[in-house]
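A short worksheet on the structure shown next.
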Amino acid sequence: SAHLKSDSRLLVKLSYIEFSLKRRRQRASESLPELGQSIRRLSNLAYPTAPFDVRETLGKEQFIDALVDSEMRLRIKQSRPKGLNDAVRLAVELEAYNKAENKVREGRGYLRQNYER
């Protein structure tokens, strides 16, 4: 009976962790690497007996789903990352590219305004 109780508690705990993993979304102040670390930790807790490559695939999918930027989600899916680390790396590269592009656009707007005067 005690063994069954501990087994059922473990199942409830694993179910809760799996639920938390599936509902996980990027927080406003959270960096992409931080999100990746959190997803990896939850994946390892939710599927402790799963082979590494299975946890990597599940983690990668959950990381992509957790991203708030829908265009970034699409681009990363199209890039077909091999695992979670690959997905995080792609997301960081895309984020850096988008920030640089926004600065270029802002600069062009500034030049245009001054030129038109």
| task | Go through the range 23-60 and count every residue that is farther than 18 Å from ASN85 by Cα and among the basic types (Lys, Arg). | result | 2
| message | Checking GLY36 against (1) part of a helix (DSSP H, G or I); (2) loosely packed, with under 14 Cβ neighbours inside 10 Å; (3) small (Gly, Ala, Ser): exactly one of these is not met. Which one? | response | (2)
| message | Which residue is modelled with the highest pLDDT, if the candidates are limited to the range 1-33 and must be loosely packed, with under 11 Cβ neighbours inside 10 Å, among the polar types (S, T, N, Q) and more than 30 Å from ALA96 (Cβ to Cβ)? | response | SER8
| said: Can you list residue pairs whose Cβ atoms sit under 7 Å apart, with the first residue in the range 83-108 being without any contact (Cβ under 8 Å) to a residue 40 or more places away in the chain and the second being among the charged types (D, E, K, R)? Count only pairs 6 or more apart in sequence or on different chains. | reply: GLY83/GLU56; GLY83/LYS60; LEU94/ARG75
| Can you name every residue in the range 49-92 that is within 11 Å of the chain's Cα centre (by Cα) and in a loop (DSSP other than H, G, I, E, B)? | LEU67, VAL68, ASP69
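Suppose we keep only residues that are among the hydrophobic types (A, V, I, L, M, F, W, C) and in contact with a helix residue (DSSP H, G or I) (Cβ under 6 Å, 6 or more places away or on another chain) within the range 40-65. Which one would you say is surrounded by the fewest Cβ atoms within 10 Å (Cβ to Cβ)? Don't jump to the end; show me each part of the working.
To start, the set of residues in the range 40-65 that are among the hydrophobic types (A, V, I, L, M, F, W, C) comprises 42, 45-46, 50, 52, 54, 58, 63-64.
Within this subset, residues satisfying the condition of being in contact with a helix residue (DSSP H, G or I) (Cβ under 6 Å, 6 or more places away or on another chain) are 42, 45-46, 58, 63-64.
Values: LEU42: 19, LEU45: 15, ALA46: 22, LEU58: 20, PHE63: 28, ILE64: 19.
Of everything passing the filter in the range 40-65, LEU45 is surrounded by the fewest Cβ atoms within 10 Å (Cβ to Cβ).
Condition test on ARG55, is it out of contact with any Lys or Arg (no Cβ under 7 Å at 6 or more places or on another chain), in contact (Cβ under 8 Å) with a residue 40 or more places away in the chain and closer than 21 Å to LYS13 by Cα? Step through it out loud before you land on a result.
Numbers: out of contact with any Lys or Arg (no Cβ under 7 Å at 6 or more places or on another chain): yes; in contact (Cβ under 8 Å) with a residue 40 or more places away in the chain: no; closer than 21 Å to LYS13 by Cα: yes.
No; evaluated as a whole, the condition is false for this residue.
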| Mind checking which pairs have a first residue in the range 16-30 that is over 18 Å from ASP69 (Cβ atoms) and a second that is of a type in the set (Ser, Thr, Tyr) and surrounded by 13 or more Cβ atoms within 10 Å (Cβ to Cβ), Cβ under 7 Å, 6 or more apart or different chains? | LEU21/SER43
| field | Sole residue being modelled with pLDDT under 95, touching an Asp or Glu at 6+ places or on another chain (Cβ under 6 Å) and not polar (S, T, N, Q), chosen from ALA50, ALA100, ALA46 | value | ALA46
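The values are calculated or read from the model by the stated rules, or taken from the named source; none is laboratory data. Computed from a predicted structure; not experimentally measured. Don't worry about glycine lacking a Cβ; one is built from the backbone with ideal geometry, like all the others, and counts go over all protein chains shown.
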